[in-house]
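As structure tokens, the structure follows; a few thoughts come after it.
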Amino acid sequence: MAKISQIIRRKVHMPGVIAVLFICAFCCACGGSERERQTEENPEAAWEDEITVMHEDAGDSKFEEFMEQVQKELHMKINVVPYPKNAESRHAKVSSLLAAGDDSVDVFTVNDEMINAFKHEGYLEPLGDDVMNPETAALFPQEYLKESLMADGQIYSAPYMLDVLVLWVNEEWLKEAGIPNLDSKENLCRFLSYDWGEGRYAYGGAWEKTYVFNEIGEFINLFGGDYYDWENEKTRQAVQFLKECADKGYTSKEQVIDQYEQMNQKFIDGKYGMVFMYSGSMEIYSDAQVYGDDKIHMASLAGLGESVTYVGTWQYALNKASRNKDAAKRFMSYVTGRDGSRLYAEEMNRMPARSDLLEEENLDITGYKQFQEYLSNVTLQARPIPANSVEYLEKVGGLFQQYIFGEIELDNYCKQMQKLVG
């Protein structure tokens, strides 16, 4: 009898149990749906952390879309503050914040000139394995990593965008001169010496004091010289060539006040036939609708000599004074990781710094195939930038401008450059 009554009690109570379970499940589902609805209406409800990033891309609508996606992915509020547009002012701004121990910015975007100074000053936090573990570090050019991003065995920044110094040529100018390409010295000489008419120059540059360093070093590489040896005949030939370009009117001496922004605009406007500019300018030419096989495109370095060119990156660096280091590292790990790097590259139409992405075949980036081919035919080299980068670059540029304007002769110029490089 007891057995039967137990069975009856179970049957009687079972509907009640089911009802209770159903009500609980319904309430949980309603609660979950309500929370999801609140999160969609108010994304801030999902934020787990908050950081501030000073970013070179601040103000760009495409970058804002990228950051919105990063916030959702990380459940993190990311405040973005802008840089001054001028390179010297940008460097000074970050330097003053770091030196003051200011914790209002957690993460900075930096280029090679900036990191080569800041990594020695004790104001940045080494990144360690949680951002730049050995597997991640192996994805970047090793000589470049050692020379530019490291100090005392520590890595101080994480690259997110690759910049390679590229020779660009306007195909319309080649057709006008009846020259098929610049793949030989003969073709290059014909291109330089062609009569382009008033206000048009075969070669344009950014020869402002803090910028011309790039082209001086690049031509020394192309001529097979040694930047640290100014008695080397090929080093001397490289800078002689640049002066001859100015003296013969192949390029304009007026560009001694131009940085990349001014040089690019003149190139786009049809005042220059070829320039040396970093690969990140692909986006600028594309947006201006002047990029393409029949307009502005990358050109072989063969006609100039050795196929050696400078590599650089934009990177994220962590403020040592930050009070949000864990969140900042989580952000840096994502935006320099495979998924975050791909998202940035395709959203911003720029080349990723990670080699595992560069080797893929399906990135949706303008000129990606051409850039892959370009990389396969050049040797990449880190720029020789010392710790006192701003002061050093100004001295290098000042000496070069004196040489270009004939204020000092070649021997004196080379002698003073040797003292600067040590």
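The values are calculated or read from the model by the stated rules, or taken from the named source; none is laboratory data. Small disclaimer: the values here were computed from a predicted structure and weren't measured. Methodologically, a virtual Cβ is constructed for each residue, glycine included, from the backbone with ideal geometry; neighbour enumeration extends over all protein chains shown. To get the accessible areas, we keep the full protein, side chains included, count just its heavy atoms, and leave off ligands, DNA and RNA. Shrake-Rupley method; radii C 1.70, N 1.55, O 1.52, S 1.80 Å.
Here are a few things to note about the model shown:
- Probe 1.4 Å, all protein chains present, accessible-area order of 185, 234, largest first: 185, 234
- Summed over the residues of the chain and divided among them, the accessible surface reaches 47 Å² per residue at a probe radius of 1.4 Å.
- With the highest mean first, a sort of the peptides 61-70, 352-361 on other beta-carbon atoms found within 10 angstrom per residue produces 352-361, 61-70.
- Charge context of residue 410, other residues only, Cβ under 14 angstrom, K/R +1, D/E -1: -3
- On Cα atoms only, tilt of 2-41 relative to the major axis of the chain in degrees: 30 degrees
- Eligible lysines near residue 72 by straight Cα distance, threshold 24 Å, same-chain separation 8 or greater: 62, 325, 329
- Total formal charge among the other residues, if their Cβ is under 15 angstrom from that of residue 171, Lys/Arg +1 and Asp/Glu -1: -3
- Fraction of beta bridges assigned by DSSP in the chain that are antiparallel (%, nearest 5): 55 percent
- If you look at the Cα atoms of the range 128-287, you get an Rg and a Dmax of 18.4, 57 Å.
- Entry for Rg/Rh (Cα atoms, Kirkwood Rh) (calculated from the structure that is shown) out of (1) 1.16; (2) 1.01; (3) 0.94: (1)
- Distance from the Cα centroid of the range 314-375 to that of the range 186-226 is 31 Å (rounded to whole angstrom).
- Relative contact order of the chain: 24 percent, from C-alpha pairs under 8 Å at least 6 residues apart in sequence.
- When all alpha carbon pairs of the range 235-317 are counted in 10 Å bins from zero, the resulting P(r) reads 13, 41, 38, 8, 0 %.
- Total formal charge among the other residues, if their Cβ is under 11 angstrom from that of residue 381, Lys/Arg +1 and Asp/Glu -1: -3
- Cα long-axis angle, helix 61-74 against the chain (0 to 90 degrees, to the nearest 10): 40 degrees
- Degrees, to the nearest 10: 325-335 long Cα axis against longest axis of the chain: 70 degrees
- Computed in the context of the full set of protein chains, the accessible area of the chain at 1.4 Å probe radius has 49% of its extent on carbon or sulfur.
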